[in-house]
Every structure is written in structure tokens, then in C-alpha cells.
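Structure first, commentary second.
The values are calculated or read from the model by the stated rules, or taken from the named source; none is laboratory data. Since the model is a prediction, treat every value here as computed from it, not as a measurement. Reconstructed Cβ throughout: ideal geometry from the backbone, glycine too, with neighbour counts over all protein chains shown. Calculation scope for accessible area: heavy atoms of the full protein, side chains included, ligands and nucleic acids excluded. Shrake-Rupley method; radii C 1.70, N 1.55, O 1.52, S 1.80 Å.
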Amino acid sequence: MNGIHIRPYRLDDAQAIWTAARESLAQLQLWMPWCHANYSIEESRSWLAVQVPAFHQRTTFEFAITTDDGTYLGGCGLNQIDALNQRANLGYWVRSSAAGRGVATAATRLTRDWGFANTDLMRIEVLVAVGNVASRRVAEKSGAAYEGTLRSRLLVHGTRHDAAMYAFIRA
């Protein structure tokens, strides 16, 4: 696999997001509230219509994960920004055909590094459903410190999940 990169999303990424999400539906819909059986290209377009300007307004920072040749592998970002407390959530997902190759771990590190270099964030959190073992491994392999379990913290498709809290702290 080529090198892993992150770049801000563009409006013309809708087709790539939709294709990757549809390919990965069985895996993503277990843990991603936005992913469902009828996920549409219009939903990709609507999401991008909000996220692209939000990046420029510095209210959220969503990135496409790509290879050297521009192949779309998934998404990652800093969202739920709490400016007062200088913290944000870091989330990620990788299309099924690229899973298990270190893509999410590399993208998580790149996003963390971008966040600390380009914002005043002091704390970047990774909140993962306890049962999402693969995503927990990503948080651990990327160097986030495990801080504990938050009971009944996440709601995904009507089901409550305990969540493992991991965090990066600015050095």
C-alpha cells in the first residue's frame, strides 16, 4: 500500500465517501451512527456541504484519508471541539478493503499531530465503544492513553454502549 496521508475534505469527495461507505456497510453500521443500509450519495453531499466550510471556519476539522496516488481510504477528524477546555474528539473510519493494514493508526497519528500543530488544543480524546475491538486497537497502537470506561456513553442505532476513553495530551 502507498503512504498514508490526510487532507481536508472537498465537495467533490461525495462519490468516494459514498462508494467506500457502501463497500463497508456491514462493518461500519455496527459502530457508526451515520451509516445505515440506505446511506445515500445525497447524505455524503449534505455532510460535505457542512464540513468543508466548517474546516475553514475552524469549528471542526474533517480529513479524507488517502494514499500517495489519491485513492480514498476513509475519514478522520477532530470534532466536538470544546474551545473553552481546549479539547476535541478524534474519530476515524477506514473502508473494509483497506482495513487491517495500519491505515487508521497512521491517520490517527497524522490527525493528532495536525491538531497539536495547528490549534491550541491541549487534549484530544478518542471515545470508542467497548465492543469495537478493532477501533480500540487503533487508539492503543497510535499511542493514546487509556483513561477508563464511561458507562452507557454512546448511542448507536438505538443501542446504548459503554465507551472506552483514550486521550492524547499535548507534550
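Per-structure values
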read-out	value
Sequence ranges 49-59, 97-107, 114-124, ranked by mean other-Cβ count within 10 angstrom, highest first	97-107, 114-124, 49-59
Carbon and sulfur %, accessible surface of the chain computed with the full protein complex present, 1.4 Å	53
Size descriptor, Kirkwood hydrodynamic radius, that averages inverse alpha-carbon separations across the stretch 36-114, Å	13.7
Solvent-accessible area per residue for the stretch 1-160 (1.4 angstrom probe, square angstrom)	51
Cα point-scatterer Debye curve for the chain, base-10 log of I(q)/I(0) at q = 0.13, 0.18, 0.19 Å⁻¹	-0.61, -1.26, -1.42
Projected label distance in nm at residue 83 and residue 155, using a 7 Å step from Cα toward the beta-carbon	2.7
